[in-house]
Structures are given as C-alpha cells and as structure tokens.
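Colleague: Below is a structure I'd like to ask you about.
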C-alpha cells in the first residue's frame, strides 16, 4: 500500500492533482474516482488531491504516485520517497456548503471551517465554485462579517508601531487606473505610514504589483517589507507574497474565470486583507460607469453601506470615493505603459495624463485628511504641493531603492498597430472590459511591454482613419490575437451629428 | 502559431485539458490561463479545453500541444498533426448561468444553450458546478420542463414500433435494490416491449448495468439493442453507450462528487432519459427511509408531483411507487453478489432473498397493469405466475444469449471478513449510505466480486459476536479500507431491551 512519489511537471494552479497508473499494483485507482479525492500521507503530514488516471507507464509506474507541481510542493518530499494513500473523506465543512446551497444561513463556526479548509487546499475547484455560487445567491450581513474575519484569520497579520496606518484601495475594473503608485509616495512624503500591498493581475492586463515590478522588486518578505516601511514610511509590494488572505487568493482564482463578482465577495476580499494588513484608515476608490464593476448609483450606495458595515465592526475608518468609471484612466494600459504614465505624473512632466494626476490628488487628499493636523478641505492642496515640489518623486525613488531597483527597464512593444476610427464623430463611450481584454490578448501583463495606449477620450472629436488607440505586443501570436479581436469589436462608440452612438460604432 | 499534437496519457474524465510548455515558442501559455480555456482548431473542427502548463520538455515540447485522453479523443486527430490555438471565448450561455446565479429564471432558449454547450464539452467542471448550484437554489417548474426537454434533445431518440413501451426506474440510493433484472424478464414474458437502459455506478457500489454485465454484454449499440428487443421483447443494456442524455451523464459526473442531489435535477435526469428512450408507460420506484434519497413523506409527495407534472407534459403515463427504503434490499451488494441474488429469485430458489422477490412482484404488477387486457389488481398474480412457471427465467436466459453471455462468471471475494455485533439486541436501523460506502471501499463495482452480503435485517435479533454482514474484496488494499472503515462505523444500530439504539450501536 505504499507508493513512491514521482513529480509530474504540470502546473495545475490551485488544485492538488495526483496521478495513479491504471495498472497500479496497490489498488484500483478508478475506485478512488468515486470519492474524487484521495489523501496522501507521510509521517503525519498529508495533502488532499484530486485524482487523474494515467494509462501509460512513461508518466507513472505501477508502484508510483504522481504529484503535479502544487501537490508536490505542498507535500514537501523528494521524488522516490514513499507515501501511503487512502480515500479522502470530504471535508466536514462541505456539509455546510450544502446547507448554504439549500438556502440556509451559516454561523461563524461553519464559515470558519469552510475558509480553513479552502486555505488548506482541501477543496477542489468544483467545490470552491459551489461555495462561491451558493454565497452569490444570498449572503446575510452576519455571514459577510464571519467570512471577512475568517478570511483574515487564515492569513498573516501585520502590526505597525504607529497610531495611524493608512491605506487606499480600488475595487478594480478600470484599465490604466494606476493611482496607488502616485498616492503612496505623496502620502509617504506627507509623513504617514502606508504599507501598501497590491495584487498581480488575474484576468486584467496589469495589477499594481505588475506595474510596480517594472521599476522595482515587489516580492518582498514581511521582514523586508517592514524594513522598507521603516525607512520610507511606505512600500508598494505584492500582497500575495506576504500571504495576508490566502483563502481569498484561492477564491479569486475561481471567481475570475467564472466571472463571479458579487458585492459581498468583493467586500470580504478587500476588508479581510485590510484587517490582516493592520490598516487603521482606508480610502476606497469605487469607479462608477456602464462597463465598470459598479454600474449605477444604487449599486454604489449598497456597496458603500456594506463596506461601512464591515469596517465599523473591524474598528477601521473607511471612506468611499465614488469616481468616474466611464473610461480608462491615464493613457497606458499594461505594466510598462502604466509605469511610464505614473513616472510622468510624479516628474511633473507636462505630457503626463491629466486625469491620472487629478484623480491621484483627490485620493491622496482624502488619505491626508485622515491626519488630525490637516484641516478638512486642505488635503488637496497639500497633495498637490507634495507632488509639484518633487517630494513625492523623491519619496518614490526612495521606495524603489529600498525595495530594489529593477536592473533593466523594458520598452513598450516592439510590435505596434493603431486601431482606427471607421467614421467621423465624437467618442460617446469606451468599453472598459473590452479594452482590458484587448490589452490582455496583446500579452499584458506577462509581456510587460505589451498593452494599449489610449489616444482618444470620451468627448474627443475623431475623423475617419484617425487612431483611437495603439496596441503593443512582444510576439506575433499575441499581436495577431489582439489586432484581430480589435477589428471585430474595438470597444469605442462614436456619436455623429445627431446620429446615435451605436449606429456609428 | 501552429502546434503539433501530443497525446498525454492522462484520463481527466469529463474535462478536456490541454498542456502547453512554459517555453512554448508560439506564445506565452500563462496568458491563456486568464481566459482559463483555449480553443484548439484544425480544419473546421475544434474543441475547447482547460489549460495546464508544463515545465518540463519530457511531457510537451515547445512546438507541441498536449491533449489529455478525453481531449485527444474528441479532437480525433493523430499525434503529430498540427493545430492552431486561440483564446476560447466563454460560451455565450455562461452569461445565462450568471443570470441564474443572480436569482432570475431562465427561458427555454437560455436553458437549451446551456445544455448544448455542456453536451458539447464546452464547460469546465467549475462552470458545470456553478450551473448546478445555481439551479439547486431555485428552479421553477417551467425551467425544469425546459431543462428536461433540452437534455432529451441533446441525445439520441429511440422509437419503437409498438403502442405500449414500458419502463421502470428507481431513483437510487438503496444498496442491493436490483429489481430491474427481475422485473424486465417478467414483463418481457408477459409480452410487453421493455427496452431497459441502466446506468453504471458512479458513487454507488453497483448500477444495474454493472450487475447485468456479470451475466452478459451490456455495451450494445442502438442497432444491437433493437435487435435484442425484437427477439426478446426486452433488453438490459448500459444507457451510457446509447447516449440517451449525454448532458445528464456530464452533469451527474459533477453532481455526485459534490453530493448535490436535488429533486429537480433528479426529475430532469430521469425524465430526459425516458423521453429519449421512447417509453410510453413508466413505473418509478421511490424508496423512502431515513438514509434513503427521500427521507420523509412530504418530500416523497413533492417529488411525485414533480414527476407527474413533467410526465404529463411529455405525454408519458407515469406511476410512482413509494417503497420501503429503510434498509438494503436483498442480501448481496456489488455486481457478483447481486447477480447471484437475482438469478436465485428467477430460479425460484428457496434461499433467494424474499424481500427482493416480493418487491419485484409489486413493481412488475404495476407495469403489467398498464396492459388494457389486465384487470386492475390482477398484475401481481400474473407476475408471480410468470416467475414461478419459469417463464421469467427463460426470458432472462434469452436476453442474456441475445446480448452475449459473459464468458466467465467471477466468484465473490476471495478475501472476506465478517463484521460482528458489539452487543446483544435487535437491529433497529441500517444506514444505507454507510453500507453502500463500505461496499464501494471494498472495491465494488470495479472488482465485480467485491461487496457486502447483508446477514441481518431490521427487527432481527443479534447476539454479541454474531455477524451483521460479510465484506468481500479482491485485493488487500481495498479489503483493509473497507474493514477499517466498518470497524469505525458499521452502519447498524441495535436496540436492546428498552435501551435506545444509539447507545448500543
């Protein structure tokens, strides 16, 4: 009943997958498929894995068990070591998932059990999807609170030796909206502690961590992060590496491909991370627009109330800023192009995108006004002063040095194509989802220089044949994907003289 | 942008999985993980697959795409042939799944789109889970109807040249309940057309197809099935092979590991198959008991009404028989042990399990009474006569011959262990789920001789050390799994003189 470990060089993402040979000597692997999951044990440590059966001894021999990359890593043993296997009982907490599917509400203990099992990689992707969909149907405010606290408890908790620890978060969905990289150095220059953790893109063309990585190292350990914050007041690091809410990272990995983005999951996701990060004051950027995550003011209101409800019970001061989410912010979309815009704003460059600069001031102002010493309404001027004086740029350079400056700075492209207007008119609307998708198809964020430069904004006049935006790609395959997709549907709607936008798009 | 196919000898069940090398020359495979799914094309044919990334060229080279067993089979090309790939757009119907998650009801077109995409293997397991959970929350009767018809339409439709085509179905959950193999030959001997298709076990220790396979071939084509029915009036074949409801087969594959078993899914599953099978009269066995699928009479009533609602709109005569589901039926559980019981009943063997015989008479009676020539109430005597006269056995032998008699008949075991009572008492209850699970752990249905012989029934007196049941296994690993599990919890509750069952179990 003992099998030797063999490493299967297959990245199955979140999910532990084990592989048994169909001619396995120890047992009939098909028998396990009914239970779907098996437990792999060695000396007290164990993992739960889904099972695939292999019909070829080149991959797994009859006395072996194959473990795909995540399973191999989590098992933590060398190839050739022996393990025993047994049918995995479904985690007890799956019973609670079924309770939830049945329409009942869950108590704290039940939600904690579910989150602990998810964080322990004991759920299959299917099971995670079942939990998320059940919660998407209905989640009471108490359940939301339990979920937020359970998710925070499953991760690392940071503590800071300061009475005020500020943070700023955007709910996402707007391409190019890279304000954190401007707000953080402004606020750090003001003297506040702002240990900013950001995500990498999952389905978007760039996360703040991806864009920051163009300039500096972002995969800092907690100790390194604390050192940087001690030196610079702030940091701009990747949150995934400091493990603030591992359950959330797993849930998001299933939510995104399913395109499930409920209010409650969003609040639990953001607030669990803020709780773990030790923030005391938080400003949330909530873009509102027809292709943004929040599409009408009723929905914005509901979301604001939910954030406030949870924040109050976390003893966190929260302010929600509803912002313009009708089109991308700045010009560049994709790590290199966004980093260029951010640095142009910080450098007071005349060519810097005015909307990115203006929005950053507004957000920074709200953060700075958390300072008891700053009068209400004086935050904006303070933010502008810190930027125009060069203090914010100095602060950013200090953060970049402290985190570790990137050795090379990649260029945009090199392949480029302009997407042209098919008619004369005025830009009536821009589809944020489509633009993000096209930038992603172009290769962002993995090709850091890939992405889009948006050349026209809502209200701009355009003539037939004038470029709406430019696509950048590093490789031909992605270049073709993006250009072909843009030709099918370019995401811009133009309005002519009295002609409705749709007819001309 | 063209990649050569390589076959990956990995059985990923329902799901198409493609494998790209991390150093793929054509594109960055990680870029696809955001979209989660990619489309593989060749000359007009295409499949949609989930993507795993491989970090080792032994599995997939930089100019290759690996296809796991189901993907390779469905693509239908030889290794080395070239294909092109592109990011798969989410099927349009996933938008409807999200609509359903949002609490709305779906119309016929939306449900048809979802079912067609599922039957076309265009959904990932996660996406199927999302659909099932959304439906488990709430499904209107109209939605149920659309679902049933859409599932039937996605499969093969059988037609029979007879005014009455009877069928019998059990909703499952009761181990050993192998009445179809007795009812079918009785009814065939009566002269009715009864083209019975059955399932193989998914999580149970045996399906009727598994047990019948001990005696005869069951993977008949539609033409072979028609020939057998022409010759014998009836057949007992595996439904999966004749593809009556391929979407249902896929849905069940996700429902079972998630342990999702809603009323509506059950009705849609059963009735879609009956519609495709061309039945005109159907008797449904609905076992009721504390560990059966239906646990109280309210639930049985609700289920009966749903079956009747759908059947009426399908123009199918349906009768629901609520039966005793408090304990296993017959003695044997597992293919060989069940086949032994069935043949003993058909042979009028004095040692045959009386409960299996009696229940089969009752079901056969209801089917036979669909005959306008049989008076109400006369079905039971007719059924008993057909069995006792040897006509049913002759009919069964004819079916076995026509389908193709199995060349060898495997024996039970050979490893056996008796599970003993820990106290004196009377059997108060038997946990059907636990007994099924133990038989499955013992290796059934894959090891055909594996399973359980139940030796005590509810109401039987037992003494300490007396065997409650016997476990049979073919291999040591499964034998140990089952015996250890039975020792932890044997599924029998005994009641002593005035002592509650639980205290003695």
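Colleague: Provide the packing ranking of B:362-373, A:169-180, B:407-418, i.e. peptides ordered by the mean count of other C-beta atoms within 10 Å per residue, highest first.
Modeller: Going by the mean number of other Cβ atoms within 10 Å, highest first, we get A:169-180, B:362-373, B:407-418.
Colleague: Taking every pair of alpha-carbon atoms in segment B:326-483, what share in percent sits in each 5 Å bin, from 0 to the bin with the longest distance?
Modeller: 2, 9, 14, 17, 17, 15, 12, 8, 5, 2, 1
Colleague: Using just the alpha carbons, could you tell me how many Å³ per residue the convex hull of segment B:93-138 encloses?
Modeller: 59
Colleague: Okay, next question. Go ahead and collect, in residue order, the members of segment B:439-476 whose backbone nitrogen is under 16 Å from a label point 7 Å along the Cα-Cβ direction of residue B:422.
Modeller: So the set is B:463-469.
Colleague: Let me ask another. Length gain on complete extension for the stretch residue A:95 to residue A:347, per 0.36 nm per residue less the alpha carbon to alpha carbon distance?
Modeller: Stretched fully, the residue A:95-residue A:347 segment lengthens by 85.1 nm.
Colleague: Please grab the % of Cα pairs in segment A:228-323 that end up more than 17 Å from each other.
Modeller: Roughly 57 percent, rounded to a whole number.
Colleague: In whole angstrom, how far apart do the alpha carbon centroids of segment B:119-150 and segment B:322-388 sit?
Modeller: A separation of 35 Å, based on Cα centres.
Colleague: Over all alpha-carbon pairs of segment B:415-504, lay out the pair-distance distribution in 10 Å bins, whole %, shortest bin first.
Modeller: Here the calculated profile for segment B:415-504 is 19, 49, 25, 6, 0.
Colleague: FRET efficiency for residue B:380 and residue A:78, Cβ-Cβ distance as r, R0 = 41 Å, nearest 0.05?
Modeller: 0.05
Colleague: Among B:494, A:94, which comes first, second and so on when ranked by fewest other beta-carbon atoms within 10 Å? List each step's numbers first, then the result.
Modeller: Working: B:494 25, A:94 22.
Fewest to most other Cβ atoms nearby, the residues stand as A:94, B:494.
Colleague: Hey, another quick one. Quick check on the protein assembly as shown: of the DSSP beta bridges with both residues there, what percent are antiparallel, nearest 5%?
Modeller: Restricted to the protein assembly as shown, the bridges split so that about 55 percent are antiparallel.
Colleague: Using a 10 Å cut-off around each Cβ, can you sort B:196, B:273 from fewest to most neighbouring Cβ atoms?
Modeller: B:273, B:196
Colleague: Mind jotting down a quarter of the surface of the convex hull over the alpha carbons of chain A, in square nanometres, one decimal?
Modeller: Working: hull surface 104.1 nm².
Here the figure is 26.0 nm², rounded to one decimal.
Colleague: In degrees between 0 and 90, to the nearest 10, how far off the longest principal axis of chain A does helix A:297-314 point, with axes built from Cα atoms?
Modeller: It works out to around 60 degrees.
Colleague: What angle do you read, to the nearest 10 degrees and between 0 and 90, between the alpha-carbon axis of helix B:263-277 and the longest principal axis of chain B?
Modeller: Roughly 90 degrees, rounded to the nearest 10.
Colleague: Could you rank the peptides A:226-233, A:130-137, B:98-105, A:278-285 by their average count of other C-beta atoms within 10 Å per residue, with the highest value first?
Modeller: Working: A:226-233: 18.9, A:130-137: 25.0, B:98-105: 16.4, A:278-285: 22.6.
Ranking, from highest mean packing down: A:130-137, A:278-285, A:226-233, B:98-105.
Colleague: Out of all Cα-Cα pairs in segment A:1-155, roughly what percent, to the nearest whole number, are more than 21 Å apart?
Modeller: 47
Colleague: Measuring from centroid to centroid over Cα atoms, what is the spacing of segment A:158-180 and segment B:389-418 in Å?
Modeller: The distance from the Cα centre of segment A:158-180 to that of segment B:389-418 comes to 70 Å.
Colleague: What's the exposure ranking of A:123, A:96, B:121, going from fewest to most Cβ atoms within 10 Å?
Modeller: If I rank by nearby Cβ atoms, fewest first, I get B:121, A:96, A:123.
Colleague: Using alpha carbons only, how many degrees (0 to 90, rounded to 10) separate the axis of helix A:379-388 from the longest principal axis of chain A?
Modeller: The two axes meet at around 80 degrees.
Colleague: Another question about this same structure. Could you tell me the distance between the Cα centroids of segment A:274-296 and segment B:44-97, to the nearest Å?
Modeller: 37
Colleague: For the protein assembly as shown, take N as its residue count and report Rg(C-alpha) divided by 2.2 N^0.38 Å.
Modeller: 1.05
Colleague: Got the relative contact order for segment B:2-87 handy, in percent, Cα pairs under 8 Å and 6 or more residues apart?
Modeller: Once normalised by length, the contact order is 50 percent.
Colleague: While we're on this one: Report the gain in length on full extension from residue B:227 to residue B:464: 0.36 nm times residue separation, minus Cα-Cα distance, nm rounded to one decimal.
Modeller: Computed gain between residue B:227 and residue B:464 is 79.9 nm.
Colleague: At a temperature of 20 °C and a viscosity of 1.002 mPa s, determine how fast segment B:253-392 diffuses translationally according to Stokes-Einstein, using the Kirkwood radius over alpha-carbon pairs as Rh; express D in µm²/s, rounded to the nearest whole number.
Modeller: In µm²/s, the coefficient is 127.
Colleague: Then there's this: Counting helices only, and only those DSSP H runs with n ≥ 4, report the 222 nm mean residue ellipticity of chain B as the sum of -39,500 (n - 2.57) divided by its residues, in deg cm²/dmol to the nearest 500. Each step should come with its number before you reach the end.
Modeller: Values: 20 runs with 215 residues, N = 505.
Counting only the DSSP helices, I get -13000 deg cm²/dmol.
Colleague: In 10 Å bins starting at zero, report the fraction of Cα pairs in segment B:2-87 per bin as a rounded %.
Modeller: Calculated over all Cα pairs of segment B:2-87, the distribution is 20, 60, 20, 0 percent.
Colleague: So, R0 is 56 Å and r is the distance between the beta-carbons of residue B:309 and residue A:43; what FRET efficiency does that work out to, to 0.05?
Modeller: 0.50
Colleague: Where both residues lie in segment A:2-87, what percent of DSSP beta bridges are antiparallel, nearest 5?
Modeller: In segment A:2-87, approximately 60 percent of DSSP beta bridges are antiparallel ones.
All of the numbers you see were taken from the coordinates with simple rules; none came from a lab. Keep in mind that this is a model prediction, so the values were computed, not measured. When we count neighbours, we look across all protein chains shown, and the Cβ atoms used for this are built from the backbone with ideal geometry, even at glycine.
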